[in-house]
Amino acid sequence: MLFDIIGFLVFGLVVGALARLFKPGRQNIGLGMTLLLGVAGSIIGGLVASLIGTGDIFELNFIGAVVAIIAAVLLIGAVEGTSGRSSQHRV
């Protein structure tokens, strides 16, 4: 069980790093936020893979990994959009 959680966190970090590489421009988020968004993307990818019947949520498979990276890219964009708007109003 502990190794599953550690593996999931490591995969989430990899997904977050890949998402940052695929997303154009400079992202103003730290390692912790990258891990958090990568894990969230991994959960979304695992859920989608489970729903379409290609694997379990904690099972590493190609479709789940691709969906996880896409979800993490979208989450990074959403976080940047939210933080960008709030920093513009603080003038």
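The values are calculated or read from the model by the stated rules, or taken from the named source; none is laboratory data. Since we're looking at a predicted model, the values are computed, not measured. For neighbour counting, all protein chains shown are included, and Cβ atoms are generated from backbone atoms with ideal geometry for every residue, glycine included. Ligands, DNA and RNA are stripped out before the accessible areas are found, and what is left, the full protein with its side chains, is counted by its heavy atoms. Shrake-Rupley method; radii C 1.70, N 1.55, O 1.52, S 1.80 Å.
Among the residues of the range 16-56, the one identified as farther than 14 Å from residue 74 by Cβ and in contact with a Leu (Cβ under 6 Å, 6 or more places away or on another chain) is 35. Counting only residues that are open to solvent by less than 60 Å² (accessible area, probe 1.4 Å), in contact with a helix residue (DSSP H, G or I) (Cβ under 9 Å, 6 or more places away or on another chain), modelled with pLDDT under 85 and not in a loop (DSSP other than H, G, I, E, B), the range 16-34 holds 1 of them. Test residue 56 against the criterion of being assigned to a helix (DSSP H, G or I) and open to solvent by 40 Å² or more (accessible area, probe 1.4 Å), and give yes or no. No, not satisfied. How do the pairs read when you match residues in the range 36-61 that are farther than 13 Å from residue 15 by Cα with residues anywhere that are part of a helix (DSSP H, G or I) and of a type in the set (Ser, Thr, Tyr), using Cβ under 8 Å and keeping only pairs 6 or more apart or on different chains? Listed by first residue and then by second, the contacts come to 56/50; 57/50.
Can you confirm whether residue 51 is surrounded by fewer than 17 Cβ atoms within 10 Å (Cβ to Cβ), out of contact with any helix residue (DSSP H, G or I) (no Cβ under 6 Å at 6 or more places or on another chain) and more than 21 Å from residue 1 (Cβ to Cβ)?
Spelling it out, residue 51 is indeed surrounded by fewer than 17 Cβ atoms within 10 Å (Cβ to Cβ), out of contact with any helix residue (DSSP H, G or I) (no Cβ under 6 Å at 6 or more places or on another chain) and more than 21 Å from residue 1 (Cβ to Cβ).
The single residue among 11, 62 that is buried (at least 16 other Cβ atoms within 10 Å of the Cβ), of a type outside the set (A, V, I, L, M) and at pLDDT 85 or above turns out to be 11. All conditions but one from (1) at pLDDT below 90; (2) open to solvent by less than 40 Å² (accessible area, probe 1.4 Å); (3) closer than 20 Å to residue 13 by Cβ apply to residue 71; the one that does not is (1).
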